[in-house]
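The next block holds one structure in the form of structure tokens; read it before the comments.
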Amino acid sequence: MIIKNAHIITHDEKNSFIPNAAVVIDEKGDISEIITDGNLSVYEKDHEILDAKGQYLMPSSICAHTHFYGAFARGMYIPGEAPDAFPAILEKLWWRLDKSLDEQANYYSALVCIIDAIKHGTTTLVDHHASPNSITGSLDIIAKAVLESGIRASLCYEVTDRDGQERAAQGLEENARFIERTKKEGNFQGYLSATFGLHASLTLSDETLKKARKMCPEGVGFHIHAAEHVVDEYDSVSKSGKRVVERLNDLGILGPRSVVGHGVHIDANEIFILKETGTWVTHQPRSNMNNAVGLPNVESMMNAGVRVCLGNDGFSNSMWQEWSAAYLGHKIINLDPRRMPANLIYQMAVVNNRDLVKTLFGGLETGIIKPGAKADLILLDYKPYTEMNADNFPWHVVFGFRESAITSTIVNGKMLMKDRKILCLDEEAAHKEALETSESVWKNYHKQFA
Ligand SMILES: [Zn+2]
């Protein structure tokens, strides 16, 4: 395919802008060439041509930490008094919603999140799944939704001791099995990868963490929440005399392939350990604000050399909303308008996120327009009324970019959405099935309060 008449935003080292250009995509789904002189005659015969009609063509977004399984929480009534803090939110909402999921709910929650992601131009997501009453095979079901849609996802199951030893063992086994499957399938041509999922320090014993360490094969990292709320730190100190990151490090969970979600309450030594071990951290400001857990010291972490990425923690899959939340949230929590400049968010959301994907997907290059990179792209109908260039681009994202401007989403050279119509899936049918499924999920959930 050739996409012509496009203003290209490359996200290369200088984030070069190339006006009135065309991108050639080969049959492997890779970008093979950027044509700037308008001469397409050599290609026109044997390539499908898409006329961008002057829209921006840019890399699609990446989400470094999400939970497809949370989809049916939208609009759900939580009985009794409103949870007063994050531990109560876990207990009343998440640890009952996850128990309400069966195979069908796992499938449709993933599918509706994927549709949402395609509409919002987010095409690679790192998921963290929990469904304690339907563990074995749950990752295959999510993988099915991923492969049917044509997006990319890294999957894992959140192992936890909170539902007893049998389920902890099932969770360990599910990760090991799915890691083996993705390895055998060569990451499904770059559409799927696997990490070894763990819930959080506060719901995991040393024994289970040691088992996970033993079962996780060479070359695969862990994906775990850490210090999202201060109780995770209290729990770790009382269990082990160590802070969360110290404890996880001593048990061999950290490293250059491991992903730690949040890190809101970590201290300076924990930042140092994350840097020394090369562990990835993901930041989810909308979730942090919603749960009122505070915000992590992202700028300190980045200054110390920690690779911080941007995730959504299961919020809507518009990563640009996450950009805005980061931009605003760090200013108000620090009472300082100089905090979290938009170029730092670009470093997280664009540069670090694509480096994470490269690590998790065996060298896959996405999130950049250059020859050899995957054609994971969006078309954007954005008409800036002030100059937009490489330097001020991150501020245009925060103040100007809205997902409604995304008209087409492409993954591996395949159009998943064209002119705002989803082509890869039957959206209406998926939403109808999801709505019916959510009714039974809500019923299962509310039964637990009876
Ligand atoms: Zn999370």
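Before moving on, here are some points about what is shown:
- For residue 303: the one exception among (1) under 24 Å from the mean Cα position of the chain (by Cα); (2) over 20 Å from residue 213 (Cβ atoms); (3) in contact (Cβ under 8 Å) with a residue 24 or more places away in the chain: (3)
- Verdict on residue 353 being touching a Leu at 6+ places or on another chain (Cβ under 8 Å) and under 28 Å from residue 189 (Cβ atoms): yes
- Evaluation of residue 286 against (1) part of a helix (DSSP H, G or I); (2) farther than 20 Å from residue 128 by Cβ; (3) open to solvent by 10 Å² or more (accessible area, probe 1.4 Å); (4) touching an Asp or Glu at 6+ places or on another chain (Cβ under 7 Å) (one fails), failing number: (2)
- Residue that is farthest from residue 404 (Cα to Cα) [pool: residues in the stretch 308-323 that are in a loop (DSSP other than H, G, I, E, B), within 13 Å of the ligand (Cβ to nearest atom) and open to solvent by less than 10 Å² (accessible area, probe 1.4 Å)]: 311
- Matching residues, the stretch 274-283, being surrounded by fewer than 21 Cβ atoms within 10 Å (Cβ to Cβ) and either within 15 Å of the ligand (Cβ to nearest atom) or touching a residue at least 24 places away in the same chain (Cβ under 8 Å) (or both): 275, 277, 278
- Meets criteria (modelled with pLDDT of 95 or more and under 30 Å from residue 130 (Cα atoms)) for residue 22: no
- For the stretch 397-431, a residue qualifies if it is more than 17 Å from residue 25 (Cα to Cα), at pLDDT 95 or above and assigned to a loop (DSSP other than H, G, I, E, B), and the qualifying residues are 400, 401, 419, 420, 423, 424, 425, 426.
- Some residue of the stretch 49-63 being at negative phi and open to solvent by 40 Å² or more (accessible area, probe 1.4 Å): yes
- So residue 5, is it surrounded by fewer than 16 Cβ atoms within 10 Å (Cβ to Cβ) and either in contact with an Asp or Glu (Cβ under 6 Å, 6 or more places away or on another chain) or part of a strand (DSSP E or B) (or both): no
- Exactly one residue out of 181, 213, 152, 167 is of a type in the set (Lys, Arg), more than 16 Å from the ligand (Cβ to nearest atom) and touching a helix residue (DSSP H, G or I) at 6+ places or on another chain (Cβ under 7 Å), and it is 152.
- Pairs linking a residue in the stretch 65-82 that is in contact (Cβ under 8 Å) with a residue 60 or more places away in the chain to a residue that is open to solvent by 50 Å² or more (accessible area, probe 1.4 Å) and within 16 Å of the ligand (Cβ to nearest atom), with Cβ atoms under 7 Å and 6 or more positions apart or on different chains, do not occur.
- Residue list for the stretch 329-348, restricted to those being assigned to a helix (DSSP H, G or I) and open to solvent by 10 Å² or more (accessible area, probe 1.4 Å): 331, 332, 333, 334, 343, 344, 346, 347
- Residue 115 open to solvent by less than 10 Å² (accessible area, probe 1.4 Å) and touching an Asp or Glu at 6+ places or on another chain (Cβ under 9 Å): yes
- Test: residue in the stretch 236-252 that is within 16 Å of the ligand (Cβ to nearest atom) and closer than 20 Å to residue 291 by Cβ: yes
- Among the conditions (1) within 16 Å of the ligand (Cβ to nearest atom); (2) outside any helix (DSSP H, G or I), the only one that residue 305 does not satisfy is (1).
- Flag if residue 166 is surrounded by fewer than 19 Cβ atoms within 10 Å (Cβ to Cβ), more than 15 Å from the chain's Cα centre (by Cα) and farther than 20 Å from residue 412 by Cα: yes
- Considering the stretch 217-231, the residues that are touching a strand residue (DSSP E or B) at 6+ places or on another chain (Cβ under 8 Å) and more than 12 Å from the ligand (Cβ to nearest atom) include one that is most open to solvent (accessible area, probe 1.4 Å), namely 220.
- Test for residue 127: is it open to solvent by 10 Å² or more (accessible area, probe 1.4 Å), under 13 Å from residue 63 (Cβ atoms) and out of contact with any Pro (no Cβ under 9 Å at 6 or more places or on another chain): no
The values are calculated or read from the model by the stated rules, or taken from the named source; none is laboratory data. This one's a predicted model, so the numbers in the text were calculated from it and none came from an experiment. Every residue, glycine as well, gets a Cβ built from its backbone with ideal geometry; the counts of neighbours run over all protein chains shown. Remember, those area values only see protein heavy atoms, side chains included, never the ligands or the DNA or RNA. Shrake-Rupley method; radii C 1.70, N 1.55, O 1.52, S 1.80 Å.
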